[in-house]
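Scroll down for the structure; my scribbles are underneath it.
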Amino acid sequence: MSDDPTHIREFFGARAAHWEDRFPDDGPAYAAAVAGLGLRPGDAVLDAGCGTGRALPPLRAAVGTAGTVIGADLTPEMLAEAARRNRDRDGTLLLADVARLPLRDGALDAVFGAGLISHLADPARELGELARVVRPGGLLALFHPIGRAALAARHGRRITDDDLRAEPNLRPMLARSGWRMRSYVDEDERYLVLAARGTE
């Protein structure tokens, strides 16, 4: 799929209403990934590319009523589906491109990005934008409910050495973008990268 924002909106917009029907059992994986962030009550967190908002309930549970949860997505239809599922009760839904977030520098304690990395048009710049809005020492979680090999097989492909999500490629990309990789997991049942704001 193209990483052009117009094509991304068209692709996900046409699929928004039935997106979760395709992956109905991902809820526990999202909750586990959110738990990996170690959020505290009162924290401010962004779900970047939130889609239908599956991560918003566990994010809200983690930061509590005193915390701030924002779900940002490029596709209006995805945000409408999130609202239809009442996930706007767990966080503020924001129509925005992660390349240009309407947030002040250091406003957040963490960013959660499910399936995000493969849809970035300019990954270094956009990961840098995510770093801009996170306080020093704040965290980034890049997540997918299944690992790279399983995802590639689902789409009839094989993973290649140039895959940005591979650790040897992602670690330096994160470092150039203002992040320090803390952990990397790529297993059949999950893909989860945790990084902290700050360079190595």
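Please report the spacing between the Cα centers of the stretch 55-103 and the stretch 140-161 in Å, no decimals. The stretch 55-103 and the stretch 140-161 have Cα centres spaced 24 Å from each other.
Ranked highest first by the average count of other Cβ atoms within 10 Å around their residues, in what order do 147-156, 112-121, 62-71, 94-103 fall?
The most tightly packed comes first, giving 112-121, 62-71, 94-103, 147-156.
So, R0 is 22 Å and r is the distance between the beta-carbons of VAL185 and GLU20; what FRET efficiency does that work out to, to 0.05? The formula returns an efficiency of 0.40 here.
Which value in deg cm²/dmol, rounded to the nearest 500, describes the helix-derived mean residue ellipticity at 222 nm for the chain, given -39,500 (n - 2.57) per DSSP H run of n ≥ 4 and division by the residue count?
-9500 deg cm²/dmol
Within the accessible surface of the chain, defined with a 1.4 Å probe on protein heavy atoms only, the carbon and sulfur portion equals 50 percent.
Using a probe radius of 1.4 Å on heavy atoms only, what accessible surface per residue do you get for the stretch 48-189? Whole Å² is fine.
I get 45 Å² per residue for this part.
When percent of Cα pairs over 25 Å apart is calculated for this entry, the matching label among (i) 50; (ii) 40; (iii) 30 is (iii). When the Cα positions of SER118, PHE143, VAL69 are compared along the charge dipole of the chain, VAL69 comes out farthest toward the positive end, with charges on each C-beta of Lys, Arg, Asp and Glu.
The values are calculated or read from the model by the stated rules, or taken from the named source; none is laboratory data. Keep in mind the model is a prediction, meaning the values are calculated, not measured. Heads up, the Cβs are rebuilt from the backbone with ideal geometry, glycines too, and the neighbour counts pull from every protein chain shown. Ligands, DNA and RNA are excluded from the accessible area calculation, which covers all protein heavy atoms including side chains. Shrake-Rupley method; radii C 1.70, N 1.55, O 1.52, S 1.80 Å.
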